[in-house]
There are 2 protein chains.
Amino acid sequence: MEKIYLITDIPGYTPQVSRLLSMMNYARYTTLSAVENLTSNQLDFLLDEDSNSIGMLLLHFAAVEFAYQVFTFEKRDLNKEEEAVWGPALDLGEAGRREIRGHELSYYVDKLNAVRERTFELFKTVGDDWLHQEEAFWHQKPGNHYFMWFHVFEDEINHRGQIRLIRKKLKV
Amino acid sequence: MEKIYLITDIPGYTPQVSRLLSMMNYARYTTLSAVENLTSNQLDFLLDEDSNSIGMLLLHFAAVEFAYQVFTFEKRDLNKEEEAVWGPALDLGEAGRREIRGHELSYYVDKLNAVRERTFELFKTVGDDWLHQEEAFWHQKPGNHYFMWFHVFEDEINHRGQIRLIRKKLKV
C-alpha cells in the first residue's frame, strides 16, 4: 500500500510488466474500495430492467481477466466448459441478470482474488518482449499483448465508473 | 489508427512516455466514440438532479488534464483565473450543472483537442526519468509522474463508463 501511487518496478517482474501490473493493482484497489460493505441485496440492485448489477460487473472483471489469460498465454478461445462457467459474466445482459445474484460480497472478491493470483503467476513467466508481441486483433488490426492487458484493466475502470454511479443511486 | 491497439513507441517520445501516450490516445479515441453524434440536448441530459451530464464529464476530462499539466510540469496549483475557468468542470456537482450546458459537441471536442495538443508538446520536453520522479502525493504517500498521468486517463475511462451508461438511458 505504500507504493499504491507508484507505477514502478515490482520484484520478480520485468520493467514493463511491472508497470502494467502497477496499473492493474491500482485499478483493483479502487474497484474494491467502490464496493466496500455492500450487501447481497445492494449487489443485486438493478437501475432498470436493462441494466447490470454491481455483482454482475464484479464477476465480469474476473471473467474478462480469465478469458485474457487463456487468450494471450494459451493462445486459444474458451472451451465449452469454461464458456458455461464464465459466459454469463463475460456477456453481461439477460443471462447475467438471471444467473448472477444472491451472493455476498465475499463470493465476488474470492473469485477476483483467485483469478488475479493466477495472473501474477503467469506474468512471472514472460518478459517485456512478450508484452510487445503483435498479432491480428480487433477489426483485423495489429494488437500487442501490452494492449490486450491494458484493455483488461481499462474495461475494469470503465465499469468501476458505472459501479460508483449505481452505488449512488441504490434504493435497497 | 493502424496503431490504435498497440502500446508501443511513438516518434519523438521516450519509450515509457510513448507507452503512456498510447494508453491516453486509446482512452480518448473511445471517449470520442462514446459521444459521437450527440445533440446539445443530449449532452445536457441529467439522469436526476444529482447527476452529471455527458457534457459536464467531457469538460471534466479537459479540466483534469489541464490541471495535471500545471501540477506536474509547472509544480503549482491552479491560479485564481484558471480556477475560475476550470473549477466547475473540475469539481462537477452544482456549479457544473448550472454553468456547463447549452453547447454543441464541437465545443467540448475543441477544448479536449486544445488541451491534448499542449500535453503532446509538454511530453516532448521530458523523458522516462521524469516519469519516475516521486513526490508526496495523495494521503502523504509517494506518487510518481507516471502514476499522476495514469490517473488522468484512468479518470477519463472511469467517467467514459458512466457516459456509456447515461447514453443508453437518454430520454431526449
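The values are calculated or read from the model by the stated rules, or taken from the named source; none is laboratory data. Since this is a predicted model, take the numbers as computed values, not measurements. Neighbour counts are summed over all protein chains in view; Cβ atoms, including those assigned to glycine, are modelled from backbone coordinates with ideal geometry.
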| Flag for A:Gly161 being at pLDDT 95 or above and outside any helix (DSSP H, G or I) | no
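Kindly evaluate B:Thr125 against the criterion of being within 12 Å of the chain's Cα centre (by Cα), more than 14 Å from chain A (Cβ to nearest Cβ) and among the β-branched types (Val, Ile, Thr).
no
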| query | How many of the residues making up the stretch A:137-172 are more than 10 Å from chain B (Cβ to nearest Cβ) and over 30 Å from B:Glu49 (Cα atoms)? | reply | 2
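Yes or no, residue by residue, for (1) more than 23 Å from A:Arg160 (Cβ to Cβ); (2) of a type outside the set (Lys, Arg):
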position	(1), (2)
A:Ile10	no, yes
A:Gln16	yes, yes
A:Thr30	no, yes
A:Ser33	no, yes
A:Ser40	no, yes
A:Leu43	no, yes
A:Ala63	no, yes
A:Gln69	no, yes
A:Lys75	yes, no
| task | Take the stretch B:1-25 and flag every residue that is buried (at least 19 other Cβ atoms within 10 Å of the Cβ), within 9 Å of chain A (Cβ to nearest Cβ) and within 22 Å of B:Thr125 (Cα to Cα). | result | B:Ile7, B:Gln16, B:Arg19, B:Leu20, B:Ser22, B:Met23
| said: For A:Ala136, only one of the following conditions fails: (1) touching a strand residue (DSSP E or B) at 6+ places or on another chain (Cβ under 8 Å); (2) surrounded by 15 or more Cβ atoms within 10 Å (Cβ to Cβ). What is its number? | reply: (2)
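Among the residues of the stretch A:106-119, is there at least one that is aromatic (Phe, Trp, Tyr), at pLDDT 95 or above and under 28 Å from B:Ile4 (Cβ atoms)? Steps first, answer last, please.
Our first condition is that a residue be aromatic (Phe, Trp, Tyr); within the stretch A:106-119, this holds for A:107-108.
In the following step, the residues that additionally are at pLDDT 95 or above were identified as A:107-108.
Now drop any that are not under 28 Å from B:Ile4 (Cβ atoms), which leaves none.
Within the stretch A:106-119 (the criterion being aromatic (Phe, Trp, Tyr), at pLDDT 95 or above and under 28 Å from B:Ile4 (Cβ atoms)), the answer is no, since none of the residues qualifies.
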| request: Please find, among A:Gly102, A:Gly161, A:Gly143, the residue that is closer than 24 Å to A:Asn25 by Cα and more than 18 Å from the chain's Cα centre (by Cα). | output: A:Gly143
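Just to check your reading of the model, which residue among B:Arg97, B:Arg76 is over 15 Å from B:Ile157 (Cβ atoms), surrounded by fewer than 16 Cβ atoms within 10 Å (Cβ to Cβ) and more than 14 Å from every other protein chain (Cβ to nearest Cβ)?
B:Arg76
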| said: The conditions are (1) more than 14 Å from chain B (Cβ to nearest Cβ); (2) on the phi > 0 side of the Ramachandran plot, and A:Leu92 fails exactly one of them. Which is it? | reply: (1)
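Quick one: would you say A:Val152 is among the aliphatic types (A, V, I, L, M) and either assigned to a helix (DSSP H, G or I) or closer than 19 Å to A:Met23 by Cβ (or both)?
On the way: among the aliphatic types (A, V, I, L, M): yes; either assigned to a helix (DSSP H, G or I) or closer than 19 Å to A:Met23 by Cβ (or both): yes.
In short, yes.
Can you tell me which residues in the stretch A:60-77 are without any contact (Cβ under 8 Å) to a residue 40 or more places away in the chain and in contact with a Leu (Cβ under 8 Å, 6 or more places away or on another chain)?
If we filter the stretch A:60-77 for residues that are without any contact (Cβ under 8 Å) to a residue 40 or more places away in the chain, which is where we start, we get A:63, A:67, A:70, A:74-77.
Passing the criteria: A:Ala63, A:Ala67, A:Val70.
Just checking: which of the helices (runs of 4 or more DSSP H) contained wholly in the stretch B:19-93 hold 2 or more residues that are closer than 28 Å to B:Gln133 by Cα? Talk me through it step by step, then tell me what you get.
Working: elements: B:40-44, B:54-73, B:80-91.
The qualifying helices (runs of 4 or more DSSP H) are B:54-73, B:80-91.
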| task | Return the pairs, sorted by first residue and then second, in which the second residue is loosely packed, with under 12 Cβ neighbours inside 10 Å and of a type in the set (D, E, K, R), the first residue lies in the stretch B:105-133 and is touching a residue at least 24 places away in the same chain (Cβ under 8 Å) and more than 16 Å from B:Tyr68 (Cα to Cα), the beta carbons are less than 8 Å apart, and the residues are 6+ apart or on different chains. | result | none
| Candidate set: the stretch B:100-133, residues that are of a type in the set (A, V, I, L, M) and assigned to a loop (DSSP other than H, G, I, E, B); chosen: the one farthest from B:Gly12 (Cα to Cα) | B:Ile100
| said: Return the residues of the stretch B:26-41 that are within 12 Å of the chain's Cα centre (by Cα) and more than 14 Å from chain A (Cβ to nearest Cβ); say none if nothing qualifies. | reply: B:Leu32
| Taking the condition away from every other protein chain (no Cβ under 14 Å) and either under 24 Å from A:Asn25 (Cα atoms) or touching a Leu at 6+ places or on another chain (Cβ under 9 Å) (or both), does B:Gly87 pass? | yes
| query | Does B:Glu99 fit the bill of being touching a Pro at 6+ places or on another chain (Cβ under 9 Å) and either of a type outside the set (Lys, Arg) or modelled with pLDDT of 95 or more (or both)? | reply | yes
| request: Look through B:Leu92, B:Leu43, B:Leu47, B:Leu57 and report the one residue that is free of Cβ contacts under 8 Å to residues at least 60 places away in the same chain, farther than 27 Å from A:Pro15 by Cα and in contact with a Leu (Cβ under 9 Å, 6 or more places away or on another chain). | output: B:Leu92
